[in-house]
Amino acid sequence: MGDFGVTQTVLGADEIVLNMGPQHPSTHGVLRVKLKLDGEKVMGSECIIGYLHRGVEKIGENRPYTQFAPYVDRTDYVAAVSNGLGYCEAVEKLLGVEAPPRARWVRTILTELQRIASHLLWLGTHALDIGALTPVFYTFREREEVLKIFERYCGARLTTHAFRIGGLQYETYDGFEEDVKKFARDFPKRIDEYEELLTGNRIWLQRTKNVGILTADQAIDLGVTGPVLRASGVKWDIRKAFPYAAYDQFQFEIPTGANGDTFDRYLVRMQEMRQSLRIIEQAVDSIPAGPIMARVGKVIKPPPGEVYHSIEAPKGELGYFVVSDGTIQPSRLRIRPPSFINLQAFDTMVRGHLVADVVAIIGTIDIVLGEVDR
Amino acid sequence: MSEEQKPQPQEPAAKAPPAKAKPPGPEPLDNELVRRLRARFAHAVGDALEDRGQAIVFVSRERLLDVCDYLKREEKFNLLTDLTAVDRYSSDPRFEVVYNLYSFAHNQRLRLKVRLADAETVPSVTPVWGAANWLEREAYDMFGIRFDGHPNLKRILMPDEWRGHPLRKDYDIIQQDTAWVRENLGIKSGQ
């Protein structure tokens with residue numbers, strides 16, 4: 001309480017400390033940022049997090065493996081399907097089983113749809129923060145189509161719990177392929193519409209170009225992954241580096257940026273949505289027939305040992321480090337959250353910019369506080 | 001270069017491949033990278049294991065910074081993917097600090113581990129990888145492990161005045177700092 005004293009001793013006469021959040025609408029949750037300002041210029045910043053800490057990792061140590069699966073949906077709650085995929089695959093690796101091909105194909109399709117939904121939410125709110133009011137209405141319209149597919153598949157829209165350890169609980173519903181194909185057919189035109197609103201828009205360019213630059217060396221040093229790393233020019237994607245699910249079967253590109261600024265991160269995510277569509281189109285045409293569950297016991301009891309498994313979640317590298325002591329509960333369950341580690345780069349990105357750019361930079365990192373705080 | 005392991009020379013056909021697939025688990029590891037590490041750091045490099053195809057190397061806390069610096073500069077492990085800890089309660093060196101490294105050049109992962117007793121500290125790797133800053137703060141917050149030379153070692157997820165470190169095994173799942181909760185949230189019962 002009242003711990004502003006930390007910076008007061010080192011402040012010059014002209015610098016002030018501005019407290020932003022934790023209830024600021026542009027912080028996308030409960031993020032508090034202490035800004036050290038010289039006039040309107042940001043000289044330094046400190047993120048204060050933990051307001052949403054629920055002890056997810058501690059809960060993980062006190063639940064059987066299967067019972068913990070719904071909890072991971074609630075870390076990055078706008079990309080629950082991706083979280084579920086990472087967790088299920090990590091436990092499968094620990095058990096030494098692999099999901100059957102049909103399950104892996106369906107997982108790939110749903111996860112890519114989730115990436116699009118997550119990017120759409122990011123695009124809408126990011127543009128809204130900067131002052132472009134229109135895109136959010138369009139992006140939510142398309143996101144709704146994805147959520148409808150999730151709802152028809154597993155009954156839930158947000159915290160889906162779509163996958164099970166060993167494969168899938170549910171077979172695809174009648175008309176799943178048609179729904180996905182229809183979405184894949186309509187969606188490219190929608191991306192064109194968003195780009196028409198933003199890509200050449202002079203205000204958008206002025207608010208995003210050369211704002212929050214992160215060089216490739218800085219990004220790697222700070223452990224940044226995902227679209228933020230790729231926008232800095234590092235061509236790295238876990239779907240290519242360590243293929244999981246069925247990603248080794250499909251053709252797709254890794255979009256990268258050149259300048260590592262907010263505009264490049266925007267472009268990278270827009271292109272990623274198009275690449276996701278390519279994956280979806282290839283996958284939906286080739287879903288193999290066969291079982292959807294591998295042979296796993298009713299009680300999941302992995303042999304002692306440990307495993308680190310990570311996936312390319314919409315926000316970056318989402319890893320699960322699971323230590324088993326041979327019992328039905330994990331001995332340690334670490335979630336490597338992309339949002340938490342990417343947020344660490346905020347200070348580097350924001351220094352020297354204006355207060356108005358702070359919201360642009362928070363938006364461009366694409367954080368979800370449920371995942372930052374866990 | 002390659003992550004694939006060659007058959008281990010010191011254990012010849014003693015254990016022929018068993019008829020049934022045996023359960024995955026940790027096994028000794030001896031590859032080029034481990035040999036190079038041993039040649040350079042001798043006894044500072046402890047056990048090397050392979051578990052489910054993933055390499056794990058134990059190092060002593062005294063030489064940790066040198067090993068990390070070498071791994072980053074010479075072996076190109078330039079990304080600190082993750083840093084966390086494991087509480088192996090009731091075994092002797094109680095904690096393991098886990099460093100998950102990745103090399104873009106070789107597309108290879110390496111898990112570095114340091115064993116720590118309850119009161120022991122470990123050098124901070126923030127001079128080597130900037131990413132360690134918040135991750136070490138989190139490990140301190142959750143396990144009470146102190147990192148020497150960290151620029152700003154304070155709690156990150158729990159409130160600053162909180163007592164106890166939640167991810168320690170002797171910290172019960174429903175345990176909490178009731179005094180803090182009563183004072184700051186106005187919940188009297190604590191539960």
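Neighbour counts of other C-beta atoms within 10 Å: give me B:Asp87, A:Asp285 arranged from fewest to most.
A:Asp285, B:Asp87
For B:Leu80, what is the net charge nearby, where nearby means another residue's Cβ is under 9 Å from its Cβ and Lys, Arg count +1, Asp, Glu -1?
So the surrounding residues net to -1.
If Lys and Arg each add +1 and Asp and Glu each add -1, what is the summed charge of the other residues whose beta carbon sits under 15 Å from the beta carbon of B:Glu62?
Net of charged neighbours comes to +1.
Quick one, can you get me the convex hull of the C-alpha atoms of the protein assembly as shown expressed as volume per residue in Å³? Before the final figure, lay out the partial values.
Details: hull volume 90.9 nm³, N = 565.
Cα convex hull per residue, to the nearest whole number: 161 Å³.
Tell me which of B:Val67, B:Tyr140, B:Ala44 sits at the most positive position along the dipole axis of segment B:26-157, charges placed on C-beta atoms (Lys, Arg +1; Asp, Glu -1).
Positive-most Cα among the choices belongs to B:Val67.
Can you list the residues, at least 5 places off or on another chain, whose amide H is less than 5 Å from the amide H of B:Thr81, using H built in the peptide plane?
Hits under the 5 Å cutoff: B:Asn100, B:Leu101, B:Tyr102.
Tell me whether segment B:148-188 comes out rounded, prolate or oblate; compute the Cα gyration tensor, take square roots of the eigenvalues as a ≥ b ≥ c, and use a/c under 1.5 as the rounded threshold.
Verdict is oblate for segment B:148-188.
Let me spell out the model: positive unit charges on the Cβ of Lys and Arg, negative unit charges on the Cβ of Asp and Glu, origin at the Cα centre of chain A. What dipole size does that give, in debye rounded to 20?
Its charge dipole is roughly 720 debye.
For segment A:226-374, what does the alpha-carbon gyration tensor say about shape, rounded, prolate or oblate, given a ≥ b ≥ c as the root eigenvalues, a/c under 1.5 as rounded, and a/b over b/c as prolate?
Because a/c hits 1.5 or more and a/b fails to exceed b/c, segment A:226-374 counts as oblate.
Among A:Pro291, A:Tyr247, A:Ile191, which residue has its Cα positioned farthest towards the positive end of the charge dipole of chain A, with +1 placed on the Cβ of Lys and Arg, -1 on the Cβ of Asp and Glu, and the dipole taken about the Cα centre?
Projecting each Cα onto the dipole axis, the largest value belongs to A:Pro291.
Send over the Kirkwood Rh of segment A:197-252, from the inverse of the averaged 1/r over different Cα pairs, rounded to one decimal Å.
For segment A:197-252, inverting the mean 1/r across all distinct Cα pairs yields 13.5 Å.
Scan around B:Arg94 for amide H atoms under 5 Å from its own, H built in the peptide plane at 1.01 Å from N, and keep only partners 5 or more places away or cross-chain.
B:Leu116, B:Ala117, B:Asp118
Taking the 0 to 90 degree range and rounding to the nearest ten, how far is the long axis of helix A:262-284 tilted relative to the main principal axis of chain A, both from C-alpha atoms?
The angle comes out at about 10 degrees.
Tabulate in residue order the Karplus-calculated ³J(HN,Hα) for segment A:308-320, using 6.51 cos²θ - 1.76 cosθ + 1.60 with θ = phi - 60°, rounded to whole Hz; enter x for Gly and Pro.
My calculation for segment A:308-320 gives 10, 10, 10, 10, 8, 6, x, 9, x, 6, 9, x, 10 Hz in order.
Cβ under 12 Å from A:Arg74's Cβ, A:Arg74 left aside: what net charge do those residues give with Lys, Arg +1 and Asp, Glu -1?
Net charge around A:Arg74: -2.
With no solvent and one equal point scatterer placed on each C-alpha of segment A:29-132, evaluate the Debye formula and give log10 I(q)/I(0) for q = 0.09, 0.18, 0.21 Å⁻¹, two decimals.
The Debye formula, applied to the Cα set alone, gives -0.39, -1.03, -1.18.
For segment B:85-159, what is the convex hull volume of its Cα atoms per residue in Å³?
96
Tilt of helix A:80-95 relative to the longest C-alpha principal axis of chain A, in degrees (0 to 90, nearest 10)?
50
Rounded to the nearest 10 degrees, what's the angle between the helix A:176-198 long axis and the longest principal axis of chain A, both from Cα atoms, 0 to 90?
Approximately 10 degrees, to the nearest ten.
Non-local amide H neighbours of A:Met293 (under 5 Å, H modeled in plane, Pro and chain starts lacking H): which ones?
Here A:Leu168 satisfy the definition.
Assuming R0 = 25 Å, can you tell me the calculated FRET efficiency for the pair B:Asp69 and B:His106, based on Cβ-Cβ distance, to the nearest 0.05?
Numbers: r = 18 Å, r/R0 = 0.71.
E between B:Asp69 and B:His106, to the nearest 0.05, is 0.90.
Which residue, A:Leu318, A:Leu147, A:Leu120, tops the fluctuation ranking in a GNM of chain A built on C-alpha contacts under 10 Å?
A:Leu147
Please list, in order along segment A:152-160, the HN-Hα scalar couplings obtained from phi with the Karplus expression 6.51 cos²θ - 1.76 cosθ + 1.60 (θ = phi - 60°), rounded to whole Hz, x for Gly and Pro.
Karplus values, whole Hz, x for Gly and Pro: 5, 6, 10, x, 10, 9, 10, 9, 7.
Let a ≥ b ≥ c be the square roots of the eigenvalues of the Cα gyration tensor of segment A:179-273; is it rounded (a/c under 1.5), or, if not, prolate (a/b larger than b/c) or oblate?
Judged from the Cα gyration tensor, segment A:179-273 comes out oblate (a/c at least 1.5, b/c at or above a/b).
Enumerate the calculated ³J(HN,Hα) couplings along segment A:286-295 in order (Karplus 6.51 cos²θ - 1.76 cosθ + 1.60, θ = phi - 60°), each rounded to whole Hz, writing x wherever the residue is Gly or Pro.
3J(HN,Hα) across segment A:286-295, in whole Hz: 10, 4, x, 7, x, x, 10, 10, 7, 7.
Run lengths n ≥ 4 of DSSP H only: what is the helix-derived mean residue ellipticity at 222 nm for chain A, with -39500 (n - 2.57) per run over all residues, to the nearest 500?
It comes out at -14500 deg cm²/dmol, rounded to the nearest 500.
Hey, could you get me the Stokes-Einstein D for segment A:228-272, Kirkwood radius over alpha-carbon pairs, 10 °C and 1.306 mPa s, rounded to whole µm² s⁻¹?
For the chosen part, D equals 145 µm²/s.
Between A:Lys298 and B:Asp160, what is the label-to-label distance in nm when each label sits 7 Å out along the Cα-to-Cβ direction?
The answer from the label model is 5.3 nm.
Which is farthest toward the positive dipole end of chain A among A:Val33, A:Ser118, A:Phe346, measuring Cα position about the Cα centre, with Cβ charges +1 (Lys, Arg) and -1 (Asp, Glu)?
The Cα lying farthest towards the positive end belongs to A:Ser118.
For a protection proxy built on the mean count of beta-carbon atoms within 10 angstrom, sort A:337-347, B:149-159 highest first, please.
Order by mean packing, descending: A:337-347, B:149-159.
Let me know the volume per residue of the alpha-carbon convex hull for segment A:258-324, in Å³.
Convex hull of Cα atoms, per residue: 140 Å³.
Once you average over the residues of A:344-352, how many Cβ atoms of partner chains fall within 10 Å of each Cβ? Intermediate results must be reported in sequence, preceding the final value.
On the way: counts 6, 2, 0, 1, 1, 0, 0, 0, 0.
The per-residue average across the peptide is 1.
Given A:Lys58/B:Lys188; A:Lys34/A:Lys58; A:Lys181/A:Lys240; A:Lys148/A:Lys235, which pairs have Cα atoms separated by over 27 Å?
The answer is A:Lys34/A:Lys58; A:Lys148/A:Lys235.
Running Debye on segment B:26-157 with equal point scatterers at the Cα sites and no solvent, what base-10 log of I(q)/I(0) appears at q = 0.09, 0.13 Å⁻¹?
-0.24, -0.51
Sort B:Trp180, A:Trp105, A:Trp204 so that the residue with the fewest other Cβ atoms within 10 Å of its own Cβ comes first and the one with the most comes last.
Least to most surrounded, the residues fall as B:Trp180, A:Trp204, A:Trp105.
Throughout, read-outs are computed from the coordinates displayed, never taken from laboratory work. The model shown is predicted, which means the values in this text are computed figures rather than measured ones. No Cβ is skipped: glycine too gets one built from the backbone with ideal geometry, and neighbour counts run over all protein chains shown.
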